[in-house]
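The values are calculated or read from the model by the stated rules, or taken from the named source; none is laboratory data. For clarity, every value in this text was computed on a predicted model and none was experimentally measured. Here Cβ is always computed from backbone atoms with ideal geometry, including for glycine, and neighbour counts include all displayed protein chains. Remember, those area values only see protein heavy atoms, side chains included, never the ligands or the DNA or RNA. Shrake-Rupley method; radii C 1.70, N 1.55, O 1.52, S 1.80 Å.
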Amino acid sequence: MAPEIENSTVEQRREYIKKTYWCRSDCDNCGICQVFGGKDPLVVFADYIEGKETYLDISKRYR
C-alpha cells in the first residue's frame, strides 16, 4: 500500500516508488517501462512524491 501523503515524508514516498518500480533489467518480462510510456517511474510519480497528487490518481492514468 502506498504511503498516504498526509502521513509520510517526501523521502518515504520516493523510496516506495523506487522499491515498487525497480528496474529488473529484463524488459521482455517486466513491462514497467512500457506501462509508463518509457518514462522513469520517479518522473511519472513526481507529483505524488512531492505531495501534490495522490498515488491512486496518478496510477489511474496508466491503466
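List the lysines whose alpha-carbon lies under 17 Å from that of LYS60, not counting same-chain residues fewer than 8 positions away? Once the sequence-local lysines are set aside, what remains near LYS60 is LYS39, LYS52. Each of ILE17, VAL43, ASN29 was scored by the projection of its Cα onto the charge dipole of the chain, and the greatest displacement toward the positive side belongs to ASN29; charges sit on the C-beta of Lys, Arg, Asp and Glu. When the solvent-accessible area of the chain is split by element, carbon and sulfur atoms take up 51 percent of it, the probe being 1.4 Å. Here the simple spin-label model places points 7 Å from the Cα toward Cβ, and for GLU15 and ARG63 these points are separated by 2.9 nm.
Surface analysis of the chain yields an accessible area of 73 Å² per residue, using protein heavy atoms and a 1.4 Å probe. In order along the stretch 42-53, the Karplus-derived 3J(HN,Hα) couplings, from 6.51 cos²θ - 1.76 cosθ + 1.60 at θ = phi - 60°, round to 5, 6, 4, 9, 4, 5, 5, 4, 7, x, 9, 8 Hz, and Gly and Pro are given as x. Compute the acute angle (0 to 90°) between the alpha-carbon long axis of helix 10-20 and the principal axis of greatest extent of the alpha-carbon atoms of the chain; round to the nearest 10°. Its long axis makes an angle of about 30 degrees.
The slack between SER8 and VAL35, meaning 0.36 nm per residue of separation minus the straight C-alpha distance, is 7.1 nm.
Between THR54 and ARG24, what FRET efficiency comes out of the Förster formula 1/(1 + (r/R0)^6) with R0 = 25 Å and r the beta carbon distance, rounded to 0.05? Step by step, r from the Cβ atoms, then E = 0.45.
What translational diffusion coefficient, in µm²/s and rounded to a whole number, does the Stokes-Einstein relation yield for the chain at 20 °C and a viscosity of 1.002 mPa s, taking the hydrodynamic radius as the Kirkwood radius over Cα pairs? Could you put the intermediate results ahead of the total?
Values: Rh = 12.1 Å.
Stokes-Einstein gives a translational diffusion coefficient of 178 µm²/s.
Near LEU56, once Lys and Arg are set to +1 and Asp and Glu to -1 for all other residues with Cβ below 11 Å from its Cβ, the sum equals 0.
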